[in-house]
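Contents: one structure, followed by commentary.
The values are calculated or read from the model by the stated rules, or taken from the named source; none is laboratory data. Because the structure is a prediction, the values reported are computed rather than measured. Cβ atoms come from the backbone with ideal geometry, glycine included; neighbour counts cover every protein chain shown. For accessibility, only protein heavy atoms count, side chains too; no ligands or nucleic acids. Shrake-Rupley method; radii C 1.70, N 1.55, O 1.52, S 1.80 Å.
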Amino acid sequence: MGAKESILRKIRILITNQFDSPEEAFNFFDSDKDGKLRKSEIKKLLRSAEINGFLSGIVANELLKGYDKSSDDTINWEEFKVAISE
């Protein structure tokens, strides 16, 4: 299993174990309630999924590069659903 798959698996485990739905998880980590996850909010999600603190910044950047289809440096709900479905 590659690093990306391992990280996405940890995120899915977090969502499954601690939230009733992916949408509930998204809303929990969307601390400013703007419907988008900024880099700082993604890092908080990654830390909760037990991704190393040092790596969380790098991984957050990679997630933004890979899933931010709107090019606004955030991940919205639609982009989040794509990421966790992989």
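Of the residues making up region 16-33, at least one is in contact with a helix residue (DSSP H, G or I) (Cβ under 9 Å, 6 or more places away or on another chain), surrounded by fewer than 12 Cβ atoms within 10 Å (Cβ to Cβ) and at positive phi.
So, Ile58, is that one at pLDDT below 95, within 18 Å of Gln18 (Cα to Cα) and aliphatic (A, V, I, L, M) or not? Can you show your working first?
Working: at pLDDT below 95: yes; within 18 Å of Gln18 (Cα to Cα): no; aliphatic (A, V, I, L, M): yes.
Taking the combined requirement at face value, the residue does not satisfy it.
For beta carbons closer than 7 Å, sequence separation of 6+ or different chains, a first residue in region 39-66 that is open to solvent by 60 Å² or more (accessible area, probe 1.4 Å) and a second that is in a helix (DSSP H, G or I) and not charged (D, E, K, R), the qualifying pairs are Lys39/Ala60; Lys39/Leu64; Lys43/Ser56; Lys43/Gly57; Lys43/Ala60; Lys44/Phe29; Arg47/Gly53; Arg47/Ser56.
Would you call Phe54 more than 21 Å from Ala3 (Cα to Cα) and part of a helix (DSSP H, G or I)? Walk me through how you get there before you give the answer.
Numbers: more than 21 Å from Ala3 (Cα to Cα): no; part of a helix (DSSP H, G or I): yes.
Against the criterion (more than 21 Å from Ala3 (Cα to Cα) and part of a helix (DSSP H, G or I)), Phe54 does not qualify.
Does Arg9 fit the bill of being among the charged types (D, E, K, R), part of a helix (DSSP H, G or I) and within 18 Å of Ser85 (Cβ to Cβ)?
yes
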